[in-house]
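Colleague: Following this message is one structure expressed as structure tokens.
The values are calculated or read from the model by the stated rules, or taken from the named source; none is laboratory data. Because the structure is a prediction, the values reported are computed rather than measured. Backbone-built Cβ (ideal geometry, glycine too); neighbour counts: all protein chains shown.
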Amino acid sequence: MAILECSMLTKRFGSTTALDDVSLRIEPGHIVGLLGPNGSGKTTMLKLANGLLTPNSGEIRIAGMEPCRETRRIVSYLPDRPYLADWMNVRQLLDLFEDFYTDFDRPRALEMLEKLHISEEMRIREMSKGTREKAQLILVMSRRAKLYLLDEPIGGVDPATRDYILETIIRNYNPEASVVISTHLIADVEPVLDEVVFISNGRVFLHKTTDEIREESGKSVDQYFREVFRC
Amino acid sequence: MLGKLLKQEFRATGRIMLPVLGALIVLAFLASLSGSGLINGVTDVPVLRFLMGMIEFLFGIGVVAAGVVTVVIMISRFYRNLLQDEGYLMFTLPVSVHELVWSKLIVALVWFLVTGIVIFLVMGLLGLVLSRTNLVDLMAEFSSDWEEIWSQIVSEGLLASFRKFFLAGAVCTLLGTVCTCLHFYAAMAMGHMFNKHKILLSIVFFVLISIAFSLMTTSLNMAGFSQISENEFLYAESMALLFNTLSRMLWWLTLSELVQAAVLYLATVLCLKRGLNLA
Amino acid sequence: MEWSFRSDQPIYTQLAEKLRMEIVSGRYRPGERLASVRDMALEAGVNPNTLQRALQELEREGMVRAQRTSGRFVTEDLQVIAQTKKRFAEEQIRSFLEAMGKLGLPEREIVSLLEEALSRKGGAASERVSQGEKEDEHGNT
């Protein structure tokens, strides 16, 4: 069964169509890049998968279920913005994740935080932008989820942080889980992906493995993407 | 899961409410001391007398501020925690929308209750101290007064009516508070379904709900109160009958509040479930 | 440490090439146990499935053998390694010859130039080889 499946999914905001009749299947065990220019519908798709938005038509299913309380148990979501209350410290956040998510692996999170010298007493408010992004990612990746939905995890961070984030994603890879990474910074994530979905103006127009693209076009996914989106 | 949400909610609100209430209590003690000092003429130094007066004034501000903070916390927890960026976390927890709304509502009610009790107590304390400096005498007098009133109530057979009246009053106040919270929640949930002008639209919805409900409750109350004849009120044969009539009026109010609360609750949950549109 | 990849070829073929080279050059010794797919993927900074695919290719060639419980090992079959080495060498020679051909040099001249170059380097090269062998012995003990 597909871990994430959209069929004829459409979402409109007023007069603008953010997603237009999207059908897509993502199987377990893959790291998938959801690639497209800004405003192409990537964030909308991930919000729909989390039940943060309701589709106008069509459906989106996680492990066969429409987004609901049950799917939230198996989906680990990193939004594209700072979303943790800034007055909370790391320990309170670990408590929160442990309280609500039965698949949260606290020792693993602690190990990763320790490596970065982020103390449990540190408040979100006191963290630099990069540290905050890393802390958020650690919390999200420390769950043993079936589906990770990461919205722009490397947007606007320095190269060292970017490497750390990609490394963390590979380190936590699990053959039964899938990871969807939305980004417009393709060159940075390309080696980590084994599948890519190109999305533009709310439509999916390509879903292939990275190796297929390289084999067929003789170009990297990044080069291919630039070519496709030149106009 | 509701228990866990409540724990989070108390943690988030307690860090503000506890210091505020603590400060109010400290201020009440200071105000009592300086107040009795002023009355007893402890000092003639103008500066000190001015400062002592200022403490009284500050206490007055503090009481109002504590009330305002409680209301602001009620509104801002819903707004910031559910409708702003923190909503990305809250709405992806494995909890239902019902649980989210109840956790906000219950915690807001608890703080309204606690703040109410604290304000009542500190005002009482200050009143006692300022009216009589000798607390022991006062207590003795108060208890003898109370005994007198009590015996009167019992002798006139008012006890049952009183009990009914207070029960109706308590339920009515509680539901009124629930309605106030849900009024804000529903208005914000509606306003935030839209892509733009979310706050402005929230205010518009708040006003619209107010108008709709005032029309509804007026007709409902008219229906209820029309059963109560003017004579029952103005020419009540006894205190007991008067209180019974008042209780009936309160129950009618409670009923209309119950209808309002139900409508507002359903509207809030529906908007958050189907119309959530986080920025 | 991330590896760099050319953009005109699938990553898995480049990974396979790299791993072959590591085995042929002796950096991965015959019979040596390879790190887990995840660790190797982390080192290379690539997708674990892609690395898996590269390893499967090496398995097909007999360069690597998988044991269900204990992981993957470099083959102990020296002949397979030698063949691969030879294939590498032949590829290098072919492209070398192509380049020389473009220069328009006749075969005889290429051979004499090569011999000249080898004899000039000869002393140093043979020394290096014998040193390498000594180190190998150290490694084995």
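Colleague: Assess whether C:Glu90 counts as being modelled with pLDDT of 55 or more and either in a helix (DSSP H, G or I) or assigned by TED's automatic domain parsing to the domain that holds C:Ala16 (or both). Don't jump to the end; show me each part of the working.
Modeller: Details: modelled with pLDDT of 55 or more: yes; either in a helix (DSSP H, G or I) or assigned by TED's automatic domain parsing to the domain that holds C:Ala16 (or both): yes.
Yes, satisfied.
Colleague: Given the condition out of contact with any helix residue (DSSP H, G or I) (no Cβ under 8 Å at 6 or more places or on another chain), of a type in the set (D, E, K, R) and within 23 Å of A:Pro28 (Cα to Cα), answer yes or no: does some residue in region A:74-93 qualify?
Modeller: No: region A:74-93 contains no residue that is out of contact with any helix residue (DSSP H, G or I) (no Cβ under 8 Å at 6 or more places or on another chain), of a type in the set (D, E, K, R) and within 23 Å of A:Pro28 (Cα to Cα).
Colleague: Looking only at region B:95-106, count every residue that is assigned to a loop (DSSP other than H, G, I, E, B) and surrounded by fewer than 17 Cβ atoms within 10 Å (Cβ to Cβ) and tell me the total.
Modeller: The initial filter retains those residues of region B:95-106 that are assigned to a loop (DSSP other than H, G, I, E, B), namely B:95-96.
Applying the additional criterion that residues be surrounded by fewer than 17 Cβ atoms within 10 Å (Cβ to Cβ) yields B:96.
The number of residues fulfilling the criteria is 1.
Colleague: Give the residues of region A:4-49 that are among the hydroxyl-bearing types (Ser, Thr, Tyr), within 14 Å of another protein chain (Cβ to nearest Cβ) and either touching a residue at least 24 places away in the same chain (Cβ under 8 Å) or crowded, with 16+ Cβ neighbours inside 10 Å (or both), sorted by residue number. Show your work before the answer.
Modeller: Of all residues in region A:4-49, those among the hydroxyl-bearing types (Ser, Thr, Tyr) come to A:7, A:10, A:15-17, A:23, A:40, A:43-44.
Filter once more, keeping what is within 14 Å of another protein chain (Cβ to nearest Cβ): A:15-17, A:43-44.
Residues satisfying the conditions are A:Thr17, A:Thr43, A:Thr44.
Colleague: With respect to A:Leu113, is the statement that it is at pLDDT 90 or above and within 12 Å of the chain's Cα centre (by Cα) true? I'd like the intermediate steps shown before the answer.
Modeller: Numbers: at pLDDT 90 or above: yes; within 12 Å of the chain's Cα centre (by Cα): no.
Criteria not met by A:Leu113.
Colleague: Residue check: is A:Val221 crowded, with 22+ Cβ neighbours inside 10 Å, within 28 Å of A:Phe104 (Cα to Cα) and within 11 Å of another protein chain (Cβ to nearest Cβ)? Write out each step before concluding.
Modeller: Values: crowded, with 22+ Cβ neighbours inside 10 Å: yes; within 28 Å of A:Phe104 (Cα to Cα): no; within 11 Å of another protein chain (Cβ to nearest Cβ): yes.
No: the conditions fail for A:Val221.
Colleague: Kindly indicate whether any position in region A:118-126 is modelled with pLDDT of 95 or more and under 20 Å from A:Leu46 (Cβ atoms).
Modeller: No.
Colleague: Specify which of the listed residues (A:Leu52, A:Leu84, A:Leu96) is within 18 Å of B:Asp85 (Cα to Cα), at the interface with another protein chain (Cβ under 10 Å from one of its Cβ atoms), more than 14 Å from the chain's Cα centre (by Cα) and part of a helix (DSSP H, G or I).
Modeller: Details: A:Leu52 fails: part of a helix (DSSP H, G or I); A:Leu84 fails: part of a helix (DSSP H, G or I).
That would be A:Leu96, the only listed residue that is within 18 Å of B:Asp85 (Cα to Cα), at the interface with another protein chain (Cβ under 10 Å from one of its Cβ atoms), more than 14 Å from the chain's Cα centre (by Cα) and part of a helix (DSSP H, G or I).
Colleague: Let me ask something additional. Any chance region B:39-58 includes a residue that's farther than 16 Å from B:Val118 by Cα, assigned to a helix (DSSP H, G or I), touching a residue at least 60 places away in the same chain (Cβ under 8 Å) and not assigned by TED's automatic domain parsing to the domain that holds B:Phe184? Steps first, answer last, please.
Modeller: Just the residues of region B:39-58 that are farther than 16 Å from B:Val118 by Cα, to begin with: B:39-58.
Checking the rest, the ones that are also assigned to a helix (DSSP H, G or I) come to B:39-40, B:46-58.
Then keep just the ones that are touching a residue at least 60 places away in the same chain (Cβ under 8 Å); that gives B:39-40.
With the extra rule that they be not assigned by TED's automatic domain parsing to the domain that holds B:Phe184, the set shrinks to B:39-40.
For region B:39-58, residues farther than 16 Å from B:Val118 by Cα, assigned to a helix (DSSP H, G or I), touching a residue at least 60 places away in the same chain (Cβ under 8 Å) and not assigned by TED's automatic domain parsing to the domain that holds B:Phe184: present.
Colleague: On the given criteria, is A:Arg91 more than 21 Å from A:Val196 (Cβ to Cβ) and at pLDDT 90 or above?
Modeller: On the way: more than 21 Å from A:Val196 (Cβ to Cβ): yes; at pLDDT 90 or above: yes.
The answer is yes for A:Arg91.
Colleague: Also, quick follow-up: Out of all the residues in region A:60-81, which are more than 11 Å from chain B (Cβ to nearest Cβ), outside any loop (DSSP other than H, G, I, E, B) and buried (at least 16 other Cβ atoms within 10 Å of the Cβ)? Lay out the reasoning, then the answer.
Modeller: In the first step, residues of region A:60-81 are kept if they are more than 11 Å from chain B (Cβ to nearest Cβ); the result is A:60-66.
Keeping just the survivors that are outside any loop (DSSP other than H, G, I, E, B) gives A:60-62, A:65.
Within region A:60-81, A:Ile60, A:Arg61, A:Ile62 meet the criteria.
Colleague: Next up: Would you please list the contacts, defined by Cβ atoms under 8 Å and residues six or more apart or on different chains, that run from a residue in region A:181-201 that is over 25 Å from A:Asp20 (Cα atoms) to a residue that is basic (Lys, Arg)?
Modeller: Partner pairs satisfying both residue conditions: A:Asp188/A:Arg162.
Colleague: Taking interchain pairs and intrachain pairs at least six residues apart, which have beta carbon atoms under 8 angstrom, with the first residue in region B:4-27 and under 17 Å from B:Ile106 (Cβ atoms) and at the interface with chain A (Cβ under 9 Å from one of its Cβ atoms) and the second in a helix (DSSP H, G or I) and hydroxyl-bearing (Ser, Thr, Tyr)?
Modeller: So the pair list comes out as B:Leu5/B:Ser103; B:Gln8/B:Ser103.
Colleague: Kindly provide the set of residues from region A:143-161 that are under 14 Å from the mean Cα position of the chain (by Cα) and either surrounded by 20 or more Cβ atoms within 10 Å (Cβ to Cβ) or assigned to a helix (DSSP H, G or I) (or both), ordered by number. Let's see the steps before the verdict.
Modeller: Within region A:143-161, the first condition is being under 14 Å from the mean Cα position of the chain (by Cα), and the residues that meet it are A:143, A:145-155.
Residues satisfying the conditions are A:Arg143, A:Ala145, A:Lys146, A:Leu147, A:Tyr148, A:Leu149, A:Leu150, A:Asp151, A:Glu152, A:Pro153, A:Ile154.
Colleague: Another question about this same structure. What number goes with the only condition from (1) among the aliphatic types (A, V, I, L, M); (2) surrounded by fewer than 18 Cβ atoms within 10 Å (Cβ to Cβ); (3) within 14 Å of chain B (Cβ to nearest Cβ) that A:Met1 does not pass?
Modeller: Going through the list (1) among the aliphatic types (A, V, I, L, M); (2) surrounded by fewer than 18 Cβ atoms within 10 Å (Cβ to Cβ); (3) within 14 Å of chain B (Cβ to nearest Cβ), A:Met1 breaks only (3).
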